[in-house]
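Encoded as structure tokens, the structure appears first; notes follow it.
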Amino acid sequence: MAVARNLTADTVRAAADGLLRGGVRALEITLNDPEDRALSTLRVAARHAEGNDLEIGAGTVLTIDAAERAIDAGAAFLVSPHTEPSLVEWAASRGIPCFPGALTPTEILVAWRAGAAAVKLFPASVAGPAFVREFCGPFPHIPLLPTGGVTAETAPDFIRAGAIAVGLGSWLIGNGDPGGIAERASAVTAAVAAARARS
């Protein structure tokens, strides 16, 4: 999953095309920009992605009100840096995949029981692949999506440890140049595929 914090309505189409060329199939547009600008970017991205394989979602969703605005703008999934059970339950009751953030086993279990589609392990660079490996022992049924500080070098380690996918932000998106995005996306998707084949 690509995580974009610095794309605009003018640049998101080209970036989305770069992600698709590189094999990435999910783009999270965070709402921690000024919300009107972020929702405008989200709306453009969702329209641009119609008919192709790229899913567009909203990130840094902190409230149900923000979730409603994101869904109205075209978000297909919701991501949060934290776990707010009422928000997760709201999304799950509407069939909207929600990926709440959590860092400890207790937080992850609370998120999962609230109805998360998967739990965003955040910040992943603090937890590390070893956490994923150890967590999957007693909780093999809870899918983890490590995000925050993940790079092409560490992504395969998280996959081999048991993560279902990884989220990459500034390393992948860079300055928004579609050629660079496609190149980095290709590298990381190949590394993830190889790690899956060996796990």
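Only the coordinates and a few stated rules stand behind these numbers; no lab work does. Every value quoted in this text rests on a predicted model; they were computed, and no experiment measured them. Because the Cβ atoms are built from the backbone with ideal geometry, glycine has one as well, and the counts that use them run over all protein chains shown.
I want to verify a result. In a Gaussian network model of the chain, Cα cutoff 10 Å, which of these has the top mean-square fluctuation: ALA185, ALA49, ALA15?
Maximum among the listed residues: ALA49.
Per the Debye formula with a single identical scatterer at each Cα and no solvent contribution, what log10 I(q)/I(0) holds for region 97-175 at q = 0.13 Å⁻¹?
-0.34
Please express the shape of region 32-144 as an equivalent ellipsoid: the semi-axes are the square roots of 5 times the eigenvalues of the C-alpha gyration tensor, given largest first in whole angstrom.
On the way: eigenvalues 138, 42, 35 Å².
Values for region 32-144, descending: 26, 14, 13 Å.
Just going by the charge dipole of the chain, with Lys and Arg at +1 and Asp and Glu at -1 on Cβ, which of PRO156, PRO85, ALA45 is farthest out on the positive end?
It is PRO156, whose Cα lies furthest towards the positive end.
Can you put PHE122, PHE77 in order, fewest other beta carbons within 10 Å first?
Ordered from fewest to most neighbouring Cβ atoms within 10 Å, PHE122, PHE77 come out as PHE77, PHE122.
Rounded to the nearest 500, what is the 222 nm mean residue ellipticity of the chain from helices alone, with -39500 (n - 2.57) per DSSP H run of 4+ residues and division by all residues?
Computed mean residue ellipticity for the chain: -14500 deg cm²/dmol.
Let me see the P(r) profile for the chain: every Cα-Cα distance counted, bins of 5 Å, each bin given as a percent of all pairs.
Bins of 5 Å from zero give 1, 9, 17, 20, 21, 17, 11, 4, 0, 0 percent of pairs.
Within a 10 angstrom radius of the beta carbon, how do THR41, THR106 rank from fewest other beta carbons to most? Intermediate results must be reported in sequence, preceding the final value.
Values: THR41 26, THR106 10.
Going from least to most buried by this count: THR106, THR41.
How high is the relative contact order of the chain, given as a whole-number percent (alpha carbon pairs under 8 Å, six or more residues apart)? Could you put the intermediate results ahead of the total?
Working: 412 pairs, mean separation 44.0, N = 199.
Relative contact order, the chain: 22 percent.
Computed FRET efficiency, Cβ-Cβ of VAL126 and TRP171, R0 22 Å: what is it to the nearest 0.05?
Computed FRET efficiency for VAL126 and TRP171: 0.85.
Could you line up THR83, THR63, THR154, THR104 from fewest to most neighbouring Cβ atoms inside 10 Å? Each step should come with its number before you reach the end.
Details: THR83 24, THR63 14, THR154 19, THR104 11.
Sorted ascending by nearby Cβ count, the order is THR104, THR63, THR154, THR83.
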